[in-house]
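Peer 1: Would you mind keeping the following structure in view while I ask a few things?
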């Protein structure tokens, strides 16, 4: 006969010794803490002084104290941001979030023993929201963390989050892995996060998420919050992605990801039913680019990719993470569903090619493109910008703040299709047309897959 609560009682034990009562995470924290740093990023910004919303007009400036109508002199000020970082090698290589050091002119880190160092930024990768720093001028033996295999994590595992929340100093919080493979967070291009209930707050960004062996399982990156504080839902970038970016930083400073050469779509319940699948799973191949790794692996439109090297993928974000973290070289095995049968095919892990020279130029003069940096499109350029790799033509890769291009609303990733009815096929051609003295400029752009047409006066 089972007595209600008897099983629970059998699983509950009273501590029988002082040692059991004093069980603590302190040994892990002592080992890990010295490798977690505070990151101070600063940049100089120009702030124009204005005492009236009409001060941009010289006519109105005469009524506000300057009879010549001269604009007030701009004022320089230092803008600072605060975050955390993790030392991953004894030479002083540090990983943090890209958004912590974005646009920084200077970066400084403070160690837990109060030593402070200036840092060089050796890699910034906005697509993963990761950046890699190097402590400047000191090749000392720094404490560092080793990477764990983040794919071995399981929901329910205990983890510690270490960082500098709200700038109060190094702080440790404890929790569990609440979920894995979160793919709809909207923080990076590679949306595949570890979710934890360990308290993560502003300032923790770039800090360490570690397991009970003191190994790095993730970089704390974002929180879900209505108030700005921790609500028990935090997200970390998995260590396997962090390792890829760190290796890239130490091998030339350029992130090279595998290129598939195919367009993918999520499998909805309706699509699954149409294809005779028992449930939505995998990703649907909607197109294959000629002479790409996908084409050479004989992938076809209508194939469903179910797994990469035996690991299931349930949406394009999960596929993107699994494929990207394979790195360059060798091959990956895809499990695909075709016509109701499961097949396997091997795909080359190669970087996207630069099929045409990018010929990057910054447009000058007085056209709407003045201040825009443009490149010729190729699979390599498209992959760097997170765009479809089958696009051709000219793409905007940078826009100078305050420039004409910035004021008219041009954006990074805009593909320039035509100017004044002339098709634009190269950066050289766009630069030539931009030198013309035109009264009207008719622009045709492609932005996020949508055609945009508008007219501007010269």
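The values are calculated or read from the model by the stated rules, or taken from the named source; none is laboratory data. Because the structure is predicted, anything quoted here is derived from the model rather than measured. Backbone-built Cβ (ideal geometry, glycine too); neighbour counts: all protein chains shown.
Peer 1: Determine whether residue 424 is farther than 23 Å from residue 125 by Cβ and in contact with a helix residue (DSSP H, G or I) (Cβ under 9 Å, 6 or more places away or on another chain).
Peer 2: Values: farther than 23 Å from residue 125 by Cβ: yes; in contact with a helix residue (DSSP H, G or I) (Cβ under 9 Å, 6 or more places away or on another chain): yes.
Answer is yes for this residue.
Peer 1: Considering region 131-155 alone, what residues qualify as being touching a residue at least 60 places away in the same chain (Cβ under 8 Å), outside any loop (DSSP other than H, G, I, E, B) and under 20 Å from residue 177 (Cβ atoms)?
Peer 2: 147, 150, 151
Peer 1: Being surrounded by fewer than 20 Cβ atoms within 10 Å (Cβ to Cβ), more than 14 Å from residue 267 (Cβ to Cβ) and either modelled with pLDDT of 90 or more or out of contact with any helix residue (DSSP H, G or I) (no Cβ under 8 Å at 6 or more places or on another chain) (or both): is that true of residue 310 here? If you could, list the steps in order and put the result at the bottom.
Peer 2: Details: surrounded by fewer than 20 Cβ atoms within 10 Å (Cβ to Cβ): yes; more than 14 Å from residue 267 (Cβ to Cβ): yes; either modelled with pLDDT of 90 or more or out of contact with any helix residue (DSSP H, G or I) (no Cβ under 8 Å at 6 or more places or on another chain) (or both): yes.
So residue 310 passes the test.
Peer 1: Among residues belonging to region 314-350 that are in contact with a helix residue (DSSP H, G or I) (Cβ under 7 Å, 6 or more places away or on another chain) and part of a loop (DSSP other than H, G, I, E, B), point out the one that is surrounded by the most Cβ atoms within 10 Å (Cβ to Cβ).
Peer 2: 325
Peer 1: Kindly list the number of the only condition in (1) touching a residue at least 60 places away in the same chain (Cβ under 8 Å); (2) under 28 Å from the mean Cα position of the chain (by Cα) that fails for residue 412.
Peer 2: (1)
Peer 1: Follow-up question, since we're still on this one. Considering each of 199, 179 in turn, give the residue that is part of a loop (DSSP other than H, G, I, E, B), surrounded by fewer than 23 Cβ atoms within 10 Å (Cβ to Cβ), touching a strand residue (DSSP E or B) at 6+ places or on another chain (Cβ under 6 Å) and at pLDDT below 90.
Peer 2: Working: 179 fails: part of a loop (DSSP other than H, G, I, E, B).
The unique qualifying residue is 199.
Peer 1: Where residues in region 392-408 are under 16 Å from residue 424 (Cα atoms) and in contact with a strand residue (DSSP E or B) (Cβ under 6 Å, 6 or more places away or on another chain), which of them is modelled with the lowest pLDDT? Give the derivation first.
Peer 2: From region 392-408, those under 16 Å from residue 424 (Cα atoms) are 392-397; that's our starting set.
Next, only the ones that are in contact with a strand residue (DSSP E or B) (Cβ under 6 Å, 6 or more places away or on another chain) stay: 393-397.
Numbers: 393: 91, 394: 96, 395: 96, 396: 96, 397: 94.
Only one residue fits best here, namely 393.
Peer 1: When the residues of region 265-279 are narrowed to those that are under 18 Å from residue 342 (Cβ atoms) and in contact (Cβ under 8 Å) with a residue 24 or more places away in the chain, which ends up surrounded by the most Cβ atoms within 10 Å (Cβ to Cβ)?
Peer 2: The qualifying residue surrounded by the most Cβ atoms within 10 Å (Cβ to Cβ) is 267.
Peer 1: Also, I was wondering about something else. With region 231-302 as the region, which strands (runs of 3 or more DSSP E) entirely inside it contain at least 2 residues that are over 16 Å from the mean Cα position of the chain (by Cα)? If you could, list the steps in order and put the result at the bottom.
Peer 2: On the way: elements: 234-238, 262-266, 283-288.
In region 231-302, 262-266, 283-288 are the strands (runs of 3 or more DSSP E) which contain 2 or more residues that are over 16 Å from the mean Cα position of the chain (by Cα).
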